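Here is the structure we will look at.
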Amino acid sequence: MARLGFRLDATASGTRARAGVLETRRGAVETPVFMPVGTHATVKGIRPEDLRAAGGRILLANAYHLLLRPGPEVFEQVGGIHRFMNWDGLVLTDSGGFQVFSLPNDRVISEEGAVFKSYLDGSRIVLGPERSIATQLSIGSDILMAMDHCVPSTSEHAVAEAAMERTHRWAVRSLEARGDAEVALFGIVQGACFDDLRERSAAAITALPFDGYAIGGLAVGESKEERERCTALASDLLPEDRPRYLMGVGMPIDLLEAVDRGIDMFDCTIPSLLARQGVAFTSRGRVDVFRGVYKRDERPLDFSCACPACGSYTRAYLHHLTKATEPLGWSLLTLHNLRFYHGLMASMREHVVRGTFAAFRDEQRPLLGRTDEEHPAVTSKPRRRRLGEDALERFEVRVSAGGFASIADRASGEVMHSSIDPSIESRELYVEQGRVRDRLREDPTAPLVIWDVGLGAAHNAMAALACCEASGNPEQRPVQIVSFENDAGSLRLALRNAHRFPHLQCAAPNHVLRFGEWRSELVPLVWTFLEGDFLDRLVDAPTPDLIFYDPFSAKTDTALWTLACFERVYAACAGNDTELFTYSASTAARTALLAAGFFVGVGAPTGSRPETTLALTPRAARRARVRGRRLLDEQWLGRWRRSHAPFPADVGEGDVDRVRERVEGHEQFSGEARL
């Protein structure tokens, strides 16, 4: 038998859909087929025997992660990944190219390969085609992937072309590295969203003796329409007698559309990633059991499914498990989603063989694309009131001398992020100072909750989102970003001028504004928008770990800089390890934070401000030194006593002594604080 056999059993009339069989020494696998992602030699939370019972026959593992841990020598010692994880199906290993792409700030690409730091111990790693193939051979995969250079699908032509040509050179080196090993190797077609590059890449890669061909560089920034167009183009350029693999795609509707365009193989983290966020795919559309509407719902998740989640538990229980972040909920929903995916692939194959795929496709499109808000069995939340043109008139776009755009309040004249590019300030003042990347490595069982107070043009929320998605690790700590804003007119105006606000040129801001929630398909992240008065809505939000406090100043948003406001904020997080960051360094704001109970320190400078402010709960204050925080000292207290405006607006003459006592008696200045 050849390294990999592929038998084409049927094609469907009126469509490019195919039904085939992958033939290997380890057994046969029918196509089209979905491969669950077992990054670390495990599909998160699922036993191999349960995976097989759900319909799994082939899974994907990742050479990048397995190179770092447990390492090739472990696989060589135990006899390969199948014995190591007790899996009798097939294993395809990704080369690590996409993971390298997902670390844009931590790697350097050269002809030799990618140089990056291990996320485990910081050691320097060089991953080129030869080492990638050697690692995959040590792992004992049934199908290897050639090393490729992946760039965003929205890259400029010259950037995409250079990466494509490097992919071609690496493809030759990958084949040479495999040598005579009796294991299949797939080549990867690149070229972003440029038709001429896709055509050139397909010609170059199919001219090489690969056992199958993959389409890479999609689902990394392009629109759905662009992805489907590029998939159809590349698929038509690949040989009929070899398997075609679309990498990293799939929502259920995406799988249907790609099979319609001639694709045979898929992998994606979505079934387990979205399960972690409470999302289930059912025969009647998507169900978000995280939503409060399911709190008392005693129906099964899907009447037509016999998986453990549907056969033994109610939606109410699954809602409870998800809200409580219990691992059982994640496991049950993952198992359900995988069963749904495998069942969908089997149904598509059956209809291809019968010649009825086109009718099946047309029937399934509205069901697979249905969101929970459209689900007929669920009472949707009332639509959010859209602000009229009068609300939009409150704001205007101003372009600075430096060329960056900001939103200004017409009445007060105040400008959001007036002295520095807002995207830079958001990253440096909130995301980097808040050590979001480090927080992602902390307790993986508890979500990282970020309050974004003052959504504005969504700079802070998008900076946090970008940081969280940069790892591309679907198994990282879950994240919940909660944005508060009383008047969404600023974001609506910015979206109307998205050409001036590059951070808004993606689906997330529009979606969160329209539906109140957006979920990442790359990492376990939920972004929620709570519109209305902050003090009314904060009770609807989970306890924060980080607070990006960025409303307009006390001149424009007086109520948000009062002692009463900060007392409410402190009460919401007092027992937690919570840090608050704000651009203001005013004495009155710091007084309000101290009197509310926070420990207060000096924040990083930004723009024309030599310093900003950070505030810590007592638990966070105990880690102040470790995190490099500098608290206000007796010197500041002396200046405060001499200040002509030391108190926030809501502290009247009758309250001065009480507030003064709180500040001067604060543990921060007692010399007895155990920090």
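Some observations on this one:
- Relative to one another, the C-alpha centroids of the range 566-598 and the range 215-293 are positioned 44 Å apart.
- Per-pair calculated FRET efficiency, R0 = 30 Å: Ala564 and Asp657 via Cβ, rounded to 0.05: 0.95
- As a ratio to 2.2 N^0.38 Å, the alpha-carbon radius of gyration for the range 419-666 is 0.99.
- Principal-axis tilt of helix 563-573 within the chain, Cα atoms, nearest 10 degrees: 40
- Cβ charges +1 (Lys, Arg) and -1 (Asp, Glu), total dipole of the chain, debye: 820
- Gyration tensor verdict on the range 153-303 (Cα atoms; rounded if a/c is under 1.5, prolate if a/b is larger than b/c, oblate otherwise): prolate
- FRET efficiency for the pair Lys117 and Ala585, taken as 1/(1 + (r/R0)^6) with r the Cβ-Cβ distance and R0 = 41 Å, rounds to 0.75.
- Cysteines without a disulfide-compatible partner [the chain; Cβ-Cβ under 4.7 Å]: Cys150, Cys193, Cys230, Cys268, Cys307, Cys467, Cys468, Cys506, Cys565, Cys573
- Virtual spin-label span in nm between Arg435 and Glu363, 7 Å along Cα→Cβ: 5.6
- Viscosity 1.567 mPa s, temperature 4 °C, Stokes-Einstein D of the chain from Kirkwood C-alpha radius, µm²/s: 48
- When the charge dipole of the range 1-110 is built from unit charges on Cβ atoms (+1 for Lys and Arg, -1 for Asp and Glu) and taken about the Cα centre, the candidate among Gly89, Gly38, Gly5 whose Cα reaches farthest toward its positive end is Gly5.
- Length available on full extension from Leu637 to Val126: 0.36 nm per residue minus the Cα-Cα distance, which gives 178.8 nm.
- Eligible lysines near Lys117 by straight Cα distance, threshold 26 Å, same-chain separation 8 or greater: Lys44
- Taken about its Cα centre, the range 274-375 carries a charge dipole of about 80 debye when Lys and Arg each add +1 at the Cβ and Asp and Glu each add -1 at the Cβ.
- When each of Met462, Met251 is scored by the number of other beta-carbon atoms lying within 10 Å, the sequence from fewest to most is Met251, Met462.
- Cα long-axis angle, helix 327-354 against the chain (0 to 90 degrees, to the nearest 10): 40
- Dipole in debye (nearest 20) - the range 419-666, about Cα centre, beta carbon charges: Lys, Arg +1; Asp, Glu -1: 600
- Among beta bridges that DSSP assigns inside the range 419-666, antiparallel share in %, nearest 5: 40
- Tensor-based shape of the range 466-559 (alpha-carbon gyration tensor, a/c under 1.5 rounded, otherwise prolate or oblate): oblate
- Per-residue 3J(HN,Hα) values for the range 585-597, derived from phi via the Karplus relation 6.51 cos²θ - 1.76 cosθ + 1.60 with θ = phi - 60°, read 10, 5, 4, 5, 5, 5, 4, 4, 5, 5, 5, 6, x Hz in sequence order (x marks Gly and Pro).
- Once the C-beta distance of Ala2 and Arg627 is scaled by a Förster radius of 45 Å, the resulting FRET efficiency is 0.20 to the nearest 0.05.
- Protection proxy ranking, highest mean first, for peptides 67-78, 166-177: 166-177, 67-78, where packing is the per-residue count of other beta-carbon atoms within 10 Å, averaged.
- The label-point distance for Asp180 and Glu667, in a model that sets each label 7 Å from Cα toward Cβ, rounds to 7.1 nm.
- Exposure proxy for Thr543, Thr582: other Cβ atoms within 10 Å of each Cβ, ordered fewest to most, give Thr543, Thr582.
- Paramagnetic reach from Arg500 (point 7 Å along Cα→Cβ, amide N under 14 Å) across the range 417-458: 417-418, 422, 457
- Think of the range 419-666 as having a plus end and a minus end, set by charges on the Cβ of Lys, Arg, Asp and Glu; of Ala572, Gly532, Gly665, Gly665 sits farthest toward the positive end of this dipole.
- Once the Cα atoms are used to define both axes, helix 157-178 deviates from the longest principal axis of the chain by about 50 degrees.
- Principal axes of the range 5-268: Cα extent on each, largest first, Å: 50, 44, 35
Rule-based calculations on the coordinates, nothing more; no lab input. On a predicted model such as this, the values are computed, not experimentally measured, just so you know. Every residue, glycine as well, gets a Cβ built from its backbone with ideal geometry; the counts of neighbours run over all protein chains shown.
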